[in-house]
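**Student:** Questions regarding the structure given below will be posed in turn.
Computed from the coordinates by the stated procedures, all read-outs in this text should not be read as laboratory data. Since the model is a prediction, treat every value here as computed from it, not as a measurement. Note that we place each Cβ from the backbone using ideal geometry, even for glycine, and neighbour counts take in every protein chain shown.
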Amino acid sequence: MSTRATIAFANEDGTFQATYLHYDGYPEHAGVILNQRFNSIENVSALLAGGELRSLTSEAGGPEHLDRARPPKHLCDNRSLLEFARNCDANYLYVFQNQTWHCHKL
């Protein structure tokens, strides 16, 4: 069984870029990896640019995107972000804002 999550970046204008993570979205795994490896705007932007994620870790060591990954969603506000996360059946929502990750259990 997978622990799904939504990973998002908060833009300065209050909008968000967000994508889906299928496996291992729990804080003890995804939260640790996001804080250790994706702790800058550049790294988070590169992660999201690949679209939907199968896993944050692969045999090659980096993130693994879904074979037919859809691009990240542009969402206009917090309400839209929460709706997107719930529609993904996410258990957790991670938002990179003000140079730090925030984790919300859904």
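**Student:** How are the alpha carbon pair distances in the range 1-43 distributed across 10 Å bins from zero to the largest one, expressed in percent?
**Tutor:** 26, 52, 20, 2
**Student:** Can you run phi through the Karplus equation (6.51, -1.76, 1.60; θ = phi - 60°) for the range 94-106 and list ³J(HN,Hα) in whole Hz, with x for Gly and Pro?
**Tutor:** Calculated HN-Hα couplings, in order: 10, 10, 8, 9, 6, 6, 9, 8, 10, 10, 10, 7, 9 Hz.
**Student:** Distance from a point 7 Å along Cα→Cβ of E28 to each backbone N in the range 55-87: keep the residues under 20 Å and list them by number.
**Tutor:** Correct set: 55-58.
**Student:** Among bridges DSSP assigns within the range 5-105, what percent are antiparallel (round to 5)?
**Tutor:** Details: 17 of 23 bridges.
Bridges in the range 5-105 that DSSP calls antiparallel: roughly 75 percent.
**Student:** Take the range 5-105, compute every pairwise Cα distance, and split them into 10 Å bins from 0; I just need the percent in each bin.
**Tutor:** 17, 57, 25, 1
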